[in-house]
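Below you'll find the structure, written out as structure tokens, and then a few comments.
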Amino acid sequence: VITMDKQNRKAIIAGNWKMNKTATEAKALISELIPAVKDAGCEVVICVPFTDLVTAVEMTKGTNIHVGAENVHFEKSGAFTGEISADMLTDLGVEYVVIGHSERRQYFAETNETVNKRTKAALAGGLKPIICVGEKLSEKQMGITEEIVCLQTKAALHGVSRTQLDEVVIAYEPIWAIGTGMTATPEDANQTIRAIRNAIRDVYGDVAQNIRILYGGSMNDKNARDLMAQSDIDGGLIGGASLVAEKFEKIVNYNR
Ligand code: 13P
């Protein structure tokens with residue numbers, strides 16, 4: 001049953017460029033990525049800085065690369081200097097948006113409540129949110145990983161309808177694994193992702209089987225295959241390794 005469910009969920013390999021690449025540099029990287037990932041069996045997404053979005057959308061038209069932003073504000077418009085709305089993103093042709101990345105929670109005062117507001121604004125505006133959840137090292141050591149990520153997931157999805165849920169992607173990123181070279185074992189990542197899926201099932205029922213839940217945190221060309229072999233891991237959110245075309249290509253083609 002689990003295998004059938006997994007086959008029904010199209011895998012996503014998404015790059016999260018974070019605060020890297022000028023538009024000029026983005027142009028060079030995307031030129032390399034287009035031929036490198038063109039035969040991928042999974043959905044390929046690149047989430048890029050706001051200043052790279054126009055370049056990314058223009059260059060990837062007619063290719064299999066989908067484009068995402070790295071954040072979105074929750075109001076439609078108004079006096080919010082420095083912020084970007086969902087309409088501004090969809091008007092450019094942006095399809096995905098990362099919400100609640102741990103770096104935003106840690107450095108920019110993002111909370112479960114603002115993550116929920118951004119998620120609802122993204123969905124209302126026609127964007128597919130990639131909602132990030134994950135425990136700190138201290139929380140892992142206390143043995144409360146599942147409680148933490150299930151709470152974050154339920155809070156992010158509060159008020160999201162069953163129909164809207166189809167557009168949602170969750171990314172489980174243990175904070176201690178981000179940028180550290182330490183990956184969760186495939187088994188541990190799978191178990192936590194199963195717990196997240198069960199939390200979604202608590203609220204929405206069996207449609208939880210259709211929701212794609214990704215792993216993120218030092219995922220690379222060496223460990224992607226083992227992670228992707230797990231029953232509930234539907235893809236990856238890749239930081240560092242998404243900035244190098246040859247590495248991202250190998251992750252995207254993890255099946256070969
Ligand atoms: P790294 O792949 O660099 O560990 O980053 C993971 C991440 O935070 C993706 O959003």
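Springs between alpha-carbon pairs under 10 angstrom, Gaussian network model over the chain: which of Gly93, Gly143, Gly134 fluctuates most?
Between Gly93, Gly143, Gly134, it is Gly143 that shows the largest mean-square fluctuation.
Using the charge dipole of the range 49-155 (Lys, Arg: +1 at Cβ; Asp, Glu: -1 at Cβ; taken about the Cα centre), state which of Ile84, Leu151, Val54 has its Cα farthest towards the positive end.
Leu151
Please report how far the C-alpha centroid of the range 137-160 lies from that of the range 17-47, rounded to the nearest whole angstrom.
31 Å
Find how much the distance from Asn255 to Tyr204 grows on full extension, using 0.36 nm per residue of separation minus their present alpha carbon separation; answer in nm with one decimal. All intermediate terms of the calculation are to be shown ahead of the outcome.
Details: separation 51, 0.36 × 51 = 18.36 nm, distance 3.14 nm.
Gain on stretching Asn255 to Tyr204: 15.2 nm.
Going down the table (Lys27/Lys250; Lys10/Lys154; Lys76/Lys140), which pairs top 30 Å between alpha carbons? Before the final figure, lay out each step's value.
Values: Lys27/Lys250 20 Å; Lys10/Lys154 23 Å; Lys76/Lys140 37 Å.
Beyond 30 Å between Cα atoms: Lys76/Lys140.
Å³ per residue of the Cα convex hull, for the chain?
Working: hull volume 30.6 nm³, N = 256.
About 120 Å³ per residue, rounded to a whole number.
Relative contact order for the chain using alpha-carbon pairs under 8 Å, separation at least 6, rounded to a whole percent?
Values: 497 pairs, mean separation 54.7, N = 256.
Once divided by the residue count of the chain, the mean separation gives 21 percent.
For the range 131-212, count all C-alpha to C-alpha pairs, find those more than 15 Å apart, and express that count as a whole percent of the total. The partial results should precede the final answer.
Values: 1806 of 3321 pairs.
Roughly 54 percent, rounded to a whole number.
Which is the longest stretch in the chain that no exposed loop site breaks, taking sites as chymotrypsin sites (Phe, Trp or Tyr not before Pro) with a DSSP loop state and at most 14 other Cβ atoms within 10 Å? List each step's numbers first, then the result.
On the way: sites that count: Phe80, Phe108.
In the chain, the maximal stretch lacking such sites is 109-256.
Would you mind computing Rg(Cα) / (2.2 N^0.38 Å) for the range 79-137, counting N as its residues? Each step should come with its number before you reach the end.
Values: Rg = 11.9 Å, N = 59, 2.2 N^0.38 = 10.4 Å.
Cα Rg divided by the expected 2.2 N^0.38 Å: 1.15.
Going down the table (Lys18/Lys136; Lys21/Lys117; Lys21/Lys136), which pairs top 25 Å between alpha carbons? Could you put the intermediate results ahead of the total?
On the way: Lys18/Lys136 19 Å; Lys21/Lys117 28 Å; Lys21/Lys136 28 Å.
Beyond 25 Å: Lys21/Lys117; Lys21/Lys136.
In terms of the Cα gyration tensor, with a ≥ b ≥ c the square roots of its eigenvalues, is the range 22-145 rounded because a/c is under 1.5, prolate because a/b exceeds b/c, or oblate?
On the way: a/c = 2.04, a/b = 1.33, b/c = 1.53.
Oblate shape, in that a/c is at least 1.5 and b/c is the bigger or equal ratio.
Can you list the equivalent-ellipsoid semi-axes of the range 168-227, largest first and in whole Å, using the square root of 5 times each Cα gyration tensor eigenvalue? Walk me through the intermediate numbers first.
Values: eigenvalues 110, 22, 18 Å².
Rounded to whole Å, the semi-axes are 23, 11, 9.
At 4 °C and 1.567 mPa s, grab the translational diffusion coefficient of the range 79-199 from Stokes-Einstein with a Kirkwood Rh over Cα pairs, rounded to a whole number in µm² per second. Let's see the in-between values first.
Numbers: Rh = 15.1 Å.
Reported coefficient: 86 µm²/s.
Suppose we take every Cα in the range 1-86 and form the convex hull; what volume per residue is that in Å³?
On the way: hull volume 11.2 nm³, N = 86.
Measuring per residue, one finds 130 Å³ for the Cα hull of the range 1-86.
Ranked by Cβ crowding within 10 angstrom, fewest neighbours first, how are Val67, Val54, Val252 ordered? Walk me through the numbers on the way to the answer.
Details: Val67 25, Val54 15, Val252 30.
Least to most surrounded, the residues fall as Val54, Val67, Val252.
Net charge near Ala177: determine it from the other residues with C-beta under 12 Å of the C-beta of Ala177, scoring Lys and Arg +1 and Asp and Glu -1.
Working: positive: Lys136, Lys140; negative: Glu135, Glu173, Asp188.
Here the charged neighbours net out to -1.
Dipole of the range 1-150, Cα-centred, from +1 at each Lys and Arg C-beta and -1 at each Asp and Glu C-beta, to the nearest 20 debye? Mind showing how you got there, number by number?
On the way: 17 positive and 20 negative charges, 33 e Å.
I would put it at about 160 debye.
Read-outs: derived from the displayed coordinates by stated rules, not from any lab. Predicted, not measured: the structure shown is a model, and the values here were computed from it. Here the Cβ is made from the backbone with ideal geometry for all residues, glycine too, and neighbour counts use every protein chain on show.
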